[in-house]
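Right, one structure below, let's go through it.
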Ligand code: GLU
């Protein structure tokens, strides 16, 4: 009896510290709506996803059994252009998480000023414990299930947590087989051999570096002498670290799902990537010592990048953050309560919908290249990315100064403002 009670208590505490991401997204929207003095009807439209699809995916497993997975595609808003957003494979996926991620995609494409709406997909699964064959069969069944609602001018998926260019190739092949076309523009983040863009794989990390460089200028942080830490050494976090260190900062701390490490002397990000590829984790990197996730997030560094999942910077963590700049490579890592604390403590936030928009910006460049059948060099792609994300940074920074608010609210004012204008102009059907 006592034991059961304890378990329930623990679950309740966990629920308290891990807020619902969609509620966080709605709270951010509410704050922006207040500053924008949004019409209540428009606010209500923006608080609801346009379409939510839940699919059951029967998959033949390697042992001969059949397992049914649940997948989602949430199409949040397409007033500014076709729905756009990644697909995530993770055991913790929920419909509310996918709704939040789809809302953030909507504001993100708007802040980046690319002609898209926002969407997101996810499958509740544990890809680390699935074979390549199981993963492919699940992916293809999901692709077939969402085929009626995706398309180059409808909804263009892309990679997200634990999906990659191979996943996109399977979705592309399945979609094209069903509709009887070869339409590379239905998906982005594809392999180069299938019409993918040069520079797409590193784009999220690279874009985050460009925003960090701008933030360092604004905050008079000398990058040559700066230090940084990254929570989550996946695609976004590792590329961010590798590219940022070429501007001078030293990587002092890093983590992944297996643990966190720090090194006072600094670590070479490329060597750390190689170590993770070899051993499966950043933990155990020569010359580093293991620390807790909380210690990592509260390290005495100039720049901190949460690059894992939602809800990593909670109020309790925020109170001890020592970094001057936070670059959110992850989506939704900071709760609205934690945001207030960071702002009050003078931490300069580069919010997710700005910081990690490099991924979708180069997705857009990939899509344009596919539609035009004309391909650019990696340097051309990188310089277009730099121009677009730097100009987004300046729009957001200007809005935050004008409204005297933090950068998250500045970004929401820009992002939500543009979507609201499109929704208002379209009018309400019928
Ligand atoms: N999953 C990425 C994101 O959260 C990329 C989305 C895309 O390229 O469509 O922004």
Estimated inter-spin distance, residue 144 and residue 379, nm [label 7 Å along Cα→Cβ]: 4.7 nm
Compute the distance in nm between two label points, each set 7 Å from the Cα along the Cα-to-Cβ direction, one at residue 96 and one at residue 426. 2.6 nm
How big is D for the stretch 341-429, in µm² s⁻¹ as a whole number, if Stokes-Einstein is applied with the Kirkwood radius of its Cα pairs at 20 °C and 1.002 mPa s? 144 µm²/s
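So between residue 39 and residue 61, what do we pick up on full extension, going 0.36 nm a residue minus the alpha carbon distance?
Values: separation 22, 0.36 × 22 = 7.92 nm, distance 5.07 nm.
Here the answer is 2.9 nm.
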Rg(Cα)/(2.2 N^0.38 Å) for the stretch 34-109, N = residue count: 1.42
When the Debye formula is applied to the Cα atoms of the stretch 227-300, each taken as the same point scatterer, what base-10 log of I(q)/I(0) results at q = 0.13 Å⁻¹? -0.29
Please report, in Å, the Rg and the Dmax of the stretch 148-233, where both are computed over Cα atoms only. 17.7, 56
222 nm [θ] for the chain, helices only, -39500 (n - 2.57) per DSSP H run of 4+, per residue, to 500? -15000 deg cm²/dmol
Packing-based exposure ordering (other Cβ within 10 Å, fewest first) of 37, 250: 37, 250
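Working out 0.36 nm times the residue gap between residue 281 and residue 368, then minus their Cα-Cα distance, what length gain in nm do you get to one decimal?
Values: separation 87, 0.36 × 87 = 31.32 nm, distance 3.63 nm.
Gain on extension, residue 281 to residue 368, equals 27.7 nm.
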P(r) weight above 25 Å for the stretch 217-363, C-alpha pairs, percent: 21 percent
Using alpha carbons only: equivalent-ellipsoid semi-axes of the chain, gyration tensor based, whole Å: 30, 27, 24
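So for each of 91-103, 354-366 I average, over its residues, the number of other beta carbons within 10 Å; can you give me the resulting order with the highest mean first? Intermediate values should be presented prior to the final figure.
Details: 91-103: 22.4, 354-366: 29.5.
Highest-to-lowest ranking by the protection proxy: 354-366, 91-103.
Beyond 15 Å, what share of the Cα-Cα pairs of the stretch 94-172 remains, rounded to the nearest whole percent?
Of all Cα-Cα pairs in the stretch 94-172, 61 percent lie more than 15 Å apart.
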Spacing of the two label points (7 Å from each Cα toward its C-beta) at residue 295 and residue 403, in nm: 3.9 nm
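For a quick protection proxy, order the peptides 370-382, 112-124 by their average other-Cβ count within 10 Å, most packed first.
Working: 370-382: 14.2, 112-124: 24.6.
Highest mean packing first, the order is 112-124, 370-382.
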Dividing the mean separation of Cα pairs under 8 Å (6+ apart) by the residue count of the chain yields a relative contact order in percent of 17 percent
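Only the coordinates and a few stated rules stand behind these numbers; no lab work does. The structure displayed is predicted, hence computed values, not measured ones. As a convention, Cβ positions derive from the backbone with ideal geometry for all residues, glycine included, and neighbour counts pool all protein chains shown.
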